[in-house]
Amino acid sequence: GNTSSDAAFQKQYSSLLQRAESTHVPQVEQLFVELAGNQDNTLGEAKTREFFERVINLIAPGYSEEKRTTLLQGWSSKSSLSLIDVEKVIRKQFAAEFAMTASPLKEYCISGVKKSVPVLVQITTPCKTNQEAKETPPIAIACVLDRSGSMSGSKLKFAIRAICKVIKHLGPKDVFHLVAYDDRVTVPIQNGDLTDKAELKKTVRGIRTGGSTNIADALTRAASLLDTADLPTNALKRIYLFSDGVANAGEITSSSGLSELAKRINKNSNITLSSFGLGRDYNEQTMSGIAKNGEGEYYFIAAASDIPVTMSKAIHGLLDLYGTNAQLLLRGKGHGIVSKLFGKYAEHELDKPLPLGDLRANDRKNILFEVEVACNSESDLNEVVCQCILTYDQVAQSETGTQNSAQFEVTLTFTRNEDKLNSVKQNNAVYIAQTMQKVASTDREIVALLDRRDYDTSISLKQRSLDLLKEAEQ
């Protein structure tokens with residue numbers, strides 16, 4: 001491979017990722033400069049209210065009228081405002097609020113032509129307060145450990161160390177089970193005593209490798225343990241599967257069959273399944289399919305050095321939950337039809353809600369999709385073309401958690417005036433997300449070409465990806 005090209009690619013990719021995580025502040029800066037003249041100026045009293053009204057429409061257009069009024073009263077009392085003041089206010093005020101937006105690449109669309117419009121949904125969750133952080137619901141985890149022959153050596157050692165990390169982070173109000181399996185399924189730990197973690201870790205470290213791999217029966221047994229346990233209704237039920245994914249025993253051995261099993265467990269028992277792939281020869285299709293259909297997360301542990309970071313991320317993701325069982329329904333309206341999904345939802349049925357799973361505190365989820373529109377209006381027409389409806393269960397300390405919902409409508413203006421269309425700027429966040437998807441798709445093509453030893457075409461495609469990233473960064 002071309003080392004300098006790879007380094008440039010990674011630099012551009014990392015830069016674009018950082019921009020994708022903080023698109024609002026640059027947009028606010030651009031708005032400030034537009035009203036003030038340049039970044040060194042300040043906004044006078046007359047323009048301050050207009051500025052903040054437009055900021056609310058940009059960052060949190062779903063705010064209630066009461067919330068808007070409260071914010072505007074506080075902000076508009078300032079006689080002048082500098083750009084530094086603006087950044088402080090934005091980060092402070094909006095970090096404490098839940099928000100969902102849905103933005104098209106451009107708000108204008110040409111009439112008389114069928115066109116696909118990229119739309120980006122962004123779901124932003126606030127930081128937890130100190131009190132909320134203390135009130136995390138109890139966690140019930142069943143760790144499912146593959147001890148088959150293919151796990152001998154470093155794979156089993158890595159899995160054991162990872163499970164010990166799980167035990168370390170659990171508290172006395174939590175529940176811990178350990179299911180171990182080869183061709184047979186055993187339960188070395190049921191309702192483990194989390195006040196004696198040393199004894200639990202000793203049991204885990206005593207696991208040895210055995211015969212074949214019966215993943216299906218192990219997952220079923222883990223689900224049964226969590227289902228029959230005497231848990232409070234607000235408990236977070238999780239299965240963590242540690243395996244190389246090479247299933248060769250039991251009634252279900254195919255990747256598709258195990259994915260369907262994970263989906264049934266998730267749907268019937270409200271259990272989230274996450275998977276941890278071990279070793280460089282693991283079955284990615286099986287392990288990622290279980291996590292995707294179990295509405296959980298998928299991790300890869302290649303080396304011992306990966307364990308602390310990977311397990312810390314997994315456990316703290318549980319401790320920092322804002323909501324669970326999140327689903328997003330995308331519904332075409334007017335002249336719009338939802339026509340395509342991207343990323344992990346690319347194969348999902350368009351008329352079914354997207355299973356988003358957990359919503360973590362102080363985080364942002366991005367969902368990119370396309371709406372196909374066709375409008376023949378002769379005059380300018382402003383119309384809702386898509387409705388985005390989010391539902392999720394609010395994580396609560398009490399056993400009576402609340403279900404919340406939010407919705408956002410995507411509006412386009414259809415016009416036959418091409419000058420007006422060309423004068424409208426595109427949304428940077430949508431453009432960046434679209435570019436990232438194109439790069440990911442190209443990377444998959446490159447892998448296939450390398451497998452066929454078509455190096456020249458691979459290099460050409462890699463350069464195309466680099467050009468896309470450079471263009472998006474400008």
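Remarks
- Each of 342, 32 has some number of other Cβ atoms within 10 Å of its Cβ, and from fewest to most they run 342, 32.
- Along the stretch 451-467 the Karplus relation, 6.51 cos²θ - 1.76 cosθ + 1.60 evaluated at θ = phi - 60°, assigns HN-Hα couplings of 4, 8, 6, 8, 6, 4, 5, 4, 5, 4, 5, 4, 5, 4, 4, 4, 5 Hz to successive residues, with x for each Gly and Pro.
- The mean sequence distance of close C-alpha pairs (under 8 Å, at least 6 residues apart), as a share of the length of the stretch 160-200, puts its relative contact order at 36 percent.
- Residue exposure sequence - 169, 335, 316 - by fewest surrounding Cβ within 10 Å: 316, 169, 335
- The residue 304 and residue 381 beta-carbon pair, evaluated with R₀ = 60 Å, returns a calculated FRET efficiency of approximately 0.50.
- In a simple Cβ point-charge model (Lys, Arg +1; Asp, Glu -1; nothing else charged), the stretch 162-289 has a dipole of about 400 debye relative to its Cα centre.
- Amide H contacts of residue 117: 371, 372, 373, each under 5 Å away and 5 or more positions distant or on a separate chain (H built 1.01 Å from N in the peptide plane; Pro and chain starts excluded).
- Of the trypsin sites (Lys or Arg not before Pro) found in the stretch 359-443, the ones in coil according to DSSP and having at most 12 other Cβ atoms within 10 Å of their Cβ are 425.
- With 10 Å bins from 0: P(r) over the stretch 360-474, alpha-carbon pairs, percent: 10, 24, 26, 23, 15, 3, 0
- Derived scalar couplings ³J(HN,Hα) [the stretch 104-114; Karplus, 6.51 cos²θ - 1.76 cosθ + 1.60; whole Hz; x for Gly, Pro]: x, 4, 9, 7, 10, 9, 6, 7, x, 9, 6
- Diffusion constant of the stretch 428-474 at 25 °C, which comes from Stokes-Einstein with the Kirkwood Cα-pair radius and 0.890 mPa s, µm²/s: 223
- Additional length obtainable on full extension of the chain from residue 57 to residue 389, 0.36 nm per residue less Cα span: 117.7 nm
- Computed E for residue 190/residue 319 - FRET, C-beta separation, R0 25 angstrom, nearest 0.05: 0.60
- Which of 260, 347, 418 has the fewest Cβ neighbours within 10 Å, and the rest in rising order: 347, 418, 260
- Looking at the stretch 126-225, the DSSP beta bridges with both ends there are about 30 percent antiparallel.
- Distance between the stretch 215-278 and the stretch 281-324 - C-alpha centres, whole angstrom: 14
- Here the simple spin-label model places points 7 Å from the Cα toward Cβ, and for residue 264 and residue 113 these points are separated by 5.0 nm.
- DSSP beta bridges in the stretch 132-319 [antiparallel fraction, %, rounded to 5]: 10
- Gained length - residue 199 relative to residue 254, 0.36 nm times residue gap less alpha-carbon distance: 16.2 nm
- Over the stretch 132-319, Cα pairs under 8 Å with separation of 6+ residues give a relative contact order of 24 percent.
- Computed from phi, the 3J(HN,Hα) profile of the stretch 375-383 under the Karplus parametrisation 6.51, -1.76, 1.60 (θ = phi - 60°) reads 10, 10, 4, 6, 9, 4, 10, 9, 8 Hz, with x in place of Gly and Pro.
- With the simple spin-label model, which puts each label point 7 Å out from Cα in the Cβ direction, the residue 438 to residue 350 separation comes to 2.2 nm.
- Under 5 Å, built H, 5+ apart or other chain: amide partners of residue 179: 143, 144, 145
Read-outs: derived from the displayed coordinates by stated rules, not from any lab. The structure displayed is predicted, hence computed values, not measured ones. Glycine gets a Cβ as well: all are built from the backbone with ideal geometry, and neighbour counts include every protein chain shown.
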